[in-house]
Amino acid sequence: MIEVENLSKHYGALRAVDDVSFVARPGRVTGFLGPNGAGKSTAMRAMVGLTRPTSGSTRILGARYAELRNPGRVVGLLLDAGAVHAGRTGRESLRVDASTLGLSASRVDEVLDLVGLTPSEAKRRVGGYSLGMKQRLGLARAFLGEPEVLVLDEPANGLDPQGIHWMRGRLRTFADRGGTVLLSSHLLHEVEVVADDIVVIGRGRIVAQGTKADLVGAGGALVRARDPRALADALAAAGLTARDEGGAVRVDATPEQVGVAAAAAGVVLLELREATGSGLEEAFLQLTTATDRTTDRSMDPTGAVA
Amino acid sequence: MSTAASPHHTERATPGAGPDAPSTPAGPAVPPGGVAGPPAEARMGIGFARLVAVELRKMVDTRAGAAFHLVVVALTVAAVVLAVVFEGPSTFDTIRRVAQLPLALFLPLLGVLVAAGEWTHRSAMVTFALEPRRHRIVFAKIVAVVLVTLAYVLLLWALSAAGALASGPSAGAWEVEPAVLAGSTAALVIDVLCGFALGLVLASGALGILAYFLLPIVLQIATLWGPTERIVPWIAIERTLAPVVEGATLTALEWQRIGTSVGLWVVLLTALGLWLTARREAK
């Protein structure tokens, strides 16, 4: 559980994080979504005290981060995969942290294995790592202390598709076991795929938050069948309203409801997925454009009284 | 790799979480989902000795760090050899005086680099995330760097003794004032701590080293100017420590000057560095 309350970080007149409040709940993946420069990273650093917030507070499992006696055993952090001493090998870098946390060297090998860094890669100096390898090392570090809260800033950055797929699976499992996951991304799709709850931030302020079902899933389900007529009958029989959308059918129901209805009627489905709610995507696009426009005025932020 | 197990698959029984396990605000209720609370040791904090051990390890586990120590050891050995070869019959103390020069030159730089390292190498984010009470990291670094300095002094003495043995029997080969050994060691440690304080305040290895070398020069120049002429003897640390290195019995005035200079360049500067470190943004 992460409770962020009225968190702000100002740099002079620039309000990088402006009165941000939200809760990331255990058992759920919370997506922290916003365009580049929206304040996601600053907010995350402020949550764990790496940046001193101008005002506001964050409680993790009910305590301020600085009050946690051995925070690495409670919170797994990946804030900047590049913020590692380049002269240390990957394994040594984790071993240093493991000894700080009071963990054995075998735990280091476990997490290296977990993120798919081979022993020969782990023996190389971090300075020679690709972005993807640094990201894997960062994820290994986040899992090192067997935390129950994960705070990950753009964890998909630099990972190959296989790595991204693996990471989503890990985060899902982690949350399903009762862990709390907060991950940021500037890509709507990235958050949509993995998050249960979504917090949208723009220009330092929260512009929308809610469950994915509220924000994204409002679009219903998209379904395609081998026999469209049979599908239409099956949906009608289940009492679901549907409309044709150029080959696919959009149904005002969850994919599960549609699947159950199709299975009951023995309809062969070719595709079934959650339709993207156009609302969030539009809002996010507007936000991105709005932020882009304000960068020109960032020297003189209107309304930002110093 | 998709078959990898959960991060919670072991060591979750927390047998240590008995009645002696401290209950802190951090101790969460066990959520129903199956993730147990953090193990007992997670709530006990990180022992200071462990932080010191980690800082010692961090001094030698990079190529640059290992190279630094190799160079210092090699120069010290070379200084001993040169002293024995060129000074003819050498005593323990004449060898020690020559061979301490590389230490006096390099160890304060080690102090600068260790103090500034987290910021120079961007590791501050991880280090201060694992121990948010940043002053504990700084104190652990101070202890570690003093331990390393003392280890070098012991090595210096051992090498000097070996040099004295090798240079053959000579009158007074082992004559040395304990006050000289203690004084020169103390002066070395103070120099290292001064370098550390500069690195801590400036958060940059390069700037810290520059400052460390510039300071005595600036103070030397300052003696040429009337108003500062009388202040310099109180704050120029290599001047105030000169009688200490010689093992002389110190006068009250000398003690006061030592107190002033060390208070300024070690105590005050370290305090300022701690204050800055606590506020600096790790990014």
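Residue pairs whose Cβ atoms lie under 8 Å apart, sitting 6 or more positions apart in sequence or on different chains, and linking a residue in segment A:165-184 that is open to solvent by less than 40 Å² (accessible area, probe 1.4 Å) to a partner that is among the polar types (S, T, N, Q), are A:Trp166/B:Ser2; A:Gly169/B:Ser2; A:Phe174/B:Ser6; A:Thr180/A:Thr30; A:Val181/A:Thr30; A:Leu182/A:Thr30; A:Leu183/A:Thr30; A:Ser184/A:Ser41.
The condition of being in contact with a helix residue (DSSP H, G or I) (Cβ under 6 Å, 6 or more places away or on another chain) and either touching a residue at least 24 places away in the same chain (Cβ under 8 Å) or under 20 Å from A:Ser21 (Cα atoms) (or both) holds for only one of A:Leu94, A:Leu103, that being A:Leu94.
The criterion of at least 1 residues that are within 17 Å of the chain's Cα centre (by Cα), modelled with pLDDT of 90 or more and in the same structural domain as A:Asn36 (by TED's automatic domain parsing) is met, among strands (runs of 3 or more DSSP E) falling completely within segment A:166-265, by A:180-185, A:197-202, A:205-211.
What is the residue count in segment A:186-236 for residues that are over 25 Å from A:Ser21 (Cβ atoms) and open to solvent by 60 Å² or more (accessible area, probe 1.4 Å)?
Going residue by residue through segment A:186-236, those that are over 25 Å from A:Ser21 (Cβ atoms) are A:189, A:193, A:219-236.
Those left that are additionally open to solvent by 60 Å² or more (accessible area, probe 1.4 Å): A:189, A:193, A:224, A:226-229, A:233, A:236.
Of the residues in that region, 9 qualify.
Taking segment B:59-132 and the helices (runs of 4 or more DSSP H) fully enclosed by it, the elements with 2 or more residues that are away from chain A (no Cβ under 14 Å) are at B:63-86, B:92-120. Whether any residue in segment B:177-197 is open to solvent by 80 Å² or more (accessible area, probe 1.4 Å), modelled with pLDDT under 95 and more than 22 Å from the chain's Cα centre (by Cα) is what I want to check. Yes, the conditions are met somewhere in segment B:177-197.
Take the residues in segment B:133-142 that are farther than 17 Å from A:Ala66 by Cα and either open to solvent by less than 10 Å² (accessible area, probe 1.4 Å) or among the charged types (D, E, K, R) (or both), then tell me which one is nearest to the other protein chains (Cβ to nearest Cβ).
Of the residues in segment B:133-142, the ones farther than 17 Å from A:Ala66 by Cα are B:139-142.
Still in the running and either open to solvent by less than 10 Å² (accessible area, probe 1.4 Å) or among the charged types (D, E, K, R) (or both): B:140-141.
Values: B:Ala140: 10, B:Lys141: 13 Å.
Result: B:Ala140.
B:Ile217 meets each of the listed conditions (1) touching a helix residue (DSSP H, G or I) at 6+ places or on another chain (Cβ under 6 Å); (2) open to solvent by 40 Å² or more (accessible area, probe 1.4 Å); (3) not acidic (Asp, Glu) apart from (1). Checked against the criterion of being facing another protein chain (nearest Cβ under 10 Å) and either outside any strand (DSSP E or B) or of a type outside the set (Val, Ile, Thr) (or both), segment A:148-157 has at least one qualifying residue. Annotation: of all residues in segment B:143-169 being surrounded by 13 or more Cβ atoms within 10 Å (Cβ to Cβ) and of a type in the set (Gly, Ala, Ser), the one that is modelled with the highest pLDDT is B:Ala144.
Hey, does segment A:250-261 have a residue that's touching a Gly at 6+ places or on another chain (Cβ under 6 Å), surrounded by fewer than 22 Cβ atoms within 10 Å (Cβ to Cβ) and within 14 Å of chain B (Cβ to nearest Cβ)? No, segment A:250-261 has no match at all. Looking only at segment B:265-279, count every residue that is more than 9 Å from every other protein chain (Cβ to nearest Cβ) and either closer than 19 Å to A:His85 by Cα or more than 19 Å from the chain's Cα centre (by Cα) (or both) and tell me the total. Here the count works out to 1. Taken over segment A:84-130, the residue count meeting the criterion of being assigned to a loop (DSSP other than H, G, I, E, B), aliphatic (A, V, I, L, M) and either more than 8 Å from chain B (Cβ to nearest Cβ) or surrounded by 20 or more Cβ atoms within 10 Å (Cβ to Cβ) (or both) is 3.
Summed over segment B:231-283, the residues that are within 30 Å of A:Gly49 (Cβ to Cβ), hydrophobic (A, V, I, L, M, F, W, C) and at pLDDT below 95 give a count of 1.
Would you confirm, using the coordinates I've provided, whether A:Val305 is at pLDDT 90 or above and outside any strand (DSSP E or B)? If you could, list the steps in order and put the result at the bottom.
On the way: at pLDDT 90 or above: no; outside any strand (DSSP E or B): yes.
No, not satisfied.
Of everything in segment B:42-56, what is in contact with a Lys or Arg (Cβ under 8 Å, 6 or more places away or on another chain), surrounded by fewer than 19 Cβ atoms within 10 Å (Cβ to Cβ), within 9 Å of chain A (Cβ to nearest Cβ) and assigned to a helix (DSSP H, G or I)? Give them in sequence order. Result: no residue meets the conditions.
The values are calculated or read from the model by the stated rules, or taken from the named source; none is laboratory data. What you are looking at is a predicted structure, and each value in this text was computed from that prediction instead of being measured. Every residue, glycine among them, receives a Cβ derived from its backbone with ideal geometry; neighbour counts consider all protein chains shown. With ligands, DNA and RNA removed, areas are computed over all heavy atoms of the protein, side chains included. Shrake-Rupley method; radii C 1.70, N 1.55, O 1.52, S 1.80 Å.
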